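Nothing in this text is a laboratory measurement; each read-out follows from the coordinates by a stated rule. These numbers come from a predicted model, not from an experiment. No Cβ is skipped: glycine too gets one built from the backbone with ideal geometry, and neighbour counts run over all protein chains shown.
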Amino acid sequence: YFCFLKAMKSLTKKHFHAYRVSPLCMFSYPRLQHYAQMLETFLTAEVKCAGDPTTNSGFHTNISVFPGLATGQRDPEAILIQIFCKQEQKRPAWEGLLCSVEPEPSYLTVCMPFVLLPLLLVHGPKKFTTAWKTWFERTFDCCVSPLVIPSYELAWMAALWAGAMSVPRTLDLQWSSPPPVSDGLHITMSVNRNDALRLWDCVHTSGEEEVGLFKQGLEEHIFHHFHVILDAMILESVSSGVASANNSGHIKVLFHKPLVHILVASSYLLDILIPTKGS
Amino acid sequence: MELDAWIILRQLIVRCRLGQSMKLLDSWGYMSRKQLQNLKRCRSKLALVSAVGQIAEENDIGLQQVMELELLYVQLFSKQKTWRAFKLTGPQNLMAEPINQERLRADLQNKLSLFFKSMVVVREIQRAFWIQISIQEKSSKAKLRRYTVHAVFYPLSAHIFLTFAKSSAQDHLLQVLHLALNYRNIEMVVLGGHCLESLSRIVSNEANMCGLQNPSLAMMSKHNIEAETDPRITDENKKDKERTMALTHQSFGNQPQPVLEELVFTLDTRFHGLITIPAMKESTDVFSTKVRFQSKNVLEAVKSLGIHGLAKTPLPYTLRMVPQLGRNSFRISERKKKLQE
């Protein structure tokens, strides 16, 4: 249990960038050590080709099973990929987590040589992400593309987090104006934690679509004061005492308890979203 | 040349581009024309740093002079700093001579010596007094640390703009500043931003021109719409658009808006989304929220909201009258009677 708790805590308070991954061809769990060696060789070769003098000290990679995320009956085990620079062995320079947490049933219909790990969370420099992506796509004949979180889904996350906030922090929602507005305008609304909770409780009693109402209520409140139509703008980011997310796929979880729920929500997005270019 | 002076000088040159460094050194006034001509031959920053160091050694330039260069740097790149406005009230001794750069420096230095170990530099640039105050303080490890506060005083508007100062030093600084500038009191104005020119325009009421003063502006806007419209597009809401344009011009005028980066509204009102969530009607408590409008030029962005259909015109008073109100932070609360009901 402590191992599981430690593993979950290692994922908190870090900025992750979410990606969607198509099914992996010929992926085998017993061969994780071999994949780690392959990745290490690939990265060393890449650095030599690029002739980058800052990273000539070599790498060490680790690919292992991440415990506790396969909550569904048919969920495959999550995979943790870590890249260490040889100068600093303790802290990974780059981390990637491949998982499948209770995906939608339509995703489960994958034939045998394929393994389904559709959600990838990445933490680390972009140059490592690019290199890892090239190796991964070539090795498992798959496609990795950024996950974009639309406004409605962000509003859904904000409403859920408003009801689950245990830390005295404001619930922040940020909208951005569409391109024609000169210089770009960002409108940030910070709602007091207790007031957000009170609003969420009132929305619960209405019996209609709760999440939509929560967002619309806040937008109507702003319209009353400033005459600004937030519904016509893009909900760019939401953050609370539980977690934060923005529409370009950045996710940060502050506590380990809601982590699984957030991953379930992200997995749900994979199914409802239209694939982005390249996927 | 002292080590401190040399370090500041080197940092300033490294921070600027070559052309900007030359402009800065030229306006500094501590180098002869011949020396400046020689500096122009330097092709790299490294060469310029060593050449300037050599000239500074020859001309016996000290810390005070280098700090003047630092002040000129801040004046050139004033948009890198966040400025907060303060209003000076109760002018004293109206018959006294107008403020003089050298006297102001000596006066500030004298008064500040009561509170801190500090160094003051003053320069008059374009009818404003630019002041740099470097305060030395002892850190926990008994090392001396220096931090700098910049101030710009506009004598005509009786306002002073300050960069961030530590809260422990701010009261003393404000006290010294208003005494040295011959005023009885100093008050904070809830106005801040990066563009000093715009802030000074707002406090001196120069940015308060709006369409009401010029009735022809509404007509001008009408002509502008006609000129910009593509003849192939049939505009069904032409009347609405014309009305929105007229209202926008009436509220904001035809002049470019002063540059502000942020408007902050603290809302202490009841919840007003009752059409969507009627269950909140029963709750009489305040629904506390803070709303920030942020942009490179927030007033221009707010002005264009109505035109692009993102807001209903006319915009509320607090959004369209920011230059007239002379502040960019507001607290909106319900009238007391309403709350008691």
*Compute the long axis of helix B:45-58 from its Cα atoms, compare it with the longest principal axis of the Cα atoms of chain B, and write down the angle in degrees, 0 to 90, nearest 10.*
50
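Specify whether the C-alpha gyration tensor of chain B places it in the rounded, prolate or oblate class, a ≥ b ≥ c being the square roots of the eigenvalues: rounded for a/c under 1.5, otherwise prolate if a/b is larger than b/c and oblate if not. The partial results should precede the final answer.
On the way: a/c = 2.31, a/b = 1.65, b/c = 1.40.
Note, shape of chain B comes out prolate.
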_Using square roots of five times the C-alpha gyration tensor eigenvalues, list the equivalent-ellipsoid semi-axes of the protein assembly as shown in whole Å, biggest first._
50, 39, 25
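How many Cβ atoms of partner chains, on average, are near each residue of A:188-201 if near means within 10 Å of its Cβ?
Working: counts 7, 6, 6, 6, 5, 1, 3, 7, 3, 0, 5, 7, 0, 3.
Mean partner shielding for this stretch: 4.
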*With respect to the cross-link table entries A:K90/A:K126; A:K6/A:K257; B:K34/B:K81; A:K215/B:K312, which display a Cα-Cα separation exceeding 23 Å?*
B:K34/B:K81
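Mind ranking B:48-61, B:97-110, A:13-26, B:244-257 by how tightly packed they are, going by the mean number of other C-beta atoms within 10 angstrom, highest first?
Final packing ranking: B:244-257, A:13-26, B:48-61, B:97-110.
Please list A:238-249, B:163-174 highest first by mean number of surrounding beta-carbon atoms within 10 Å per residue. Let's see the in-between values first.
On the way: A:238-249: 20.8, B:163-174: 14.9.
Ranked by mean Cβ neighbours within 10 Å, highest first: A:238-249, B:163-174.
Counting only other chains, and only Cβ atoms inside 10 Å, what mean value do you get across the residues of B:296-303? Write down the numbers at each step before the final one.
Working: counts 4, 4, 3, 1, 4, 8, 7, 2.
Mean partner shielding for this stretch: 4.
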*What is the helix-to-structure angle for B:63-76, meaning the angle in degrees between its Cα long axis and the longest Cα principal axis of chain B, kept from 0 to 90 and rounded to the nearest 10?*
20
*Shielding of A:230-237 by partner chains, average beta-carbon count, 10 Å*: 1
_Nearest 10 degrees is fine. How inclined is helix B:298-307 to the longest principal axis of chain B, computing both from alpha carbons?_
20
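Taking the number of other C-beta atoms within 10 Å as the exposure measure, put A:K86, B:K111 in order starting with the fewest.
On the way: A:K86 11, B:K111 16.
By the 10 Å Cβ count, ascending, the order reads A:K86, B:K111.
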_Highest-fluctuation residue, B:K281, B:K45, B:K296 considered, GNM on chain B with Cα pairs under 10 Å_ = B:K281
*From the Cα gyration tensor of the stretch B:25-110, with a ≥ b ≥ c the square roots of its eigenvalues, which class applies: rounded if a/c is under 1.5, or else prolate if a/b is larger than b/c, or else oblate?*
prolate
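Count the DSSP beta bridges whose two residues both fall in the stretch B:51-166, then state the antiparallel fraction as a percent rounded to the nearest 5. Don't skip to the end; give the middle numbers.
On the way: 27 of 27 bridges.
In the stretch B:51-166, approximately 100 percent of DSSP beta bridges are antiparallel ones.
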*Value of [θ]222 nm, deg cm²/dmol, for the protein assembly as shown, DSSP H segments ≥ 4, -39500 (n - 2.57) each, nearest 500*: -12000 deg cm²/dmol
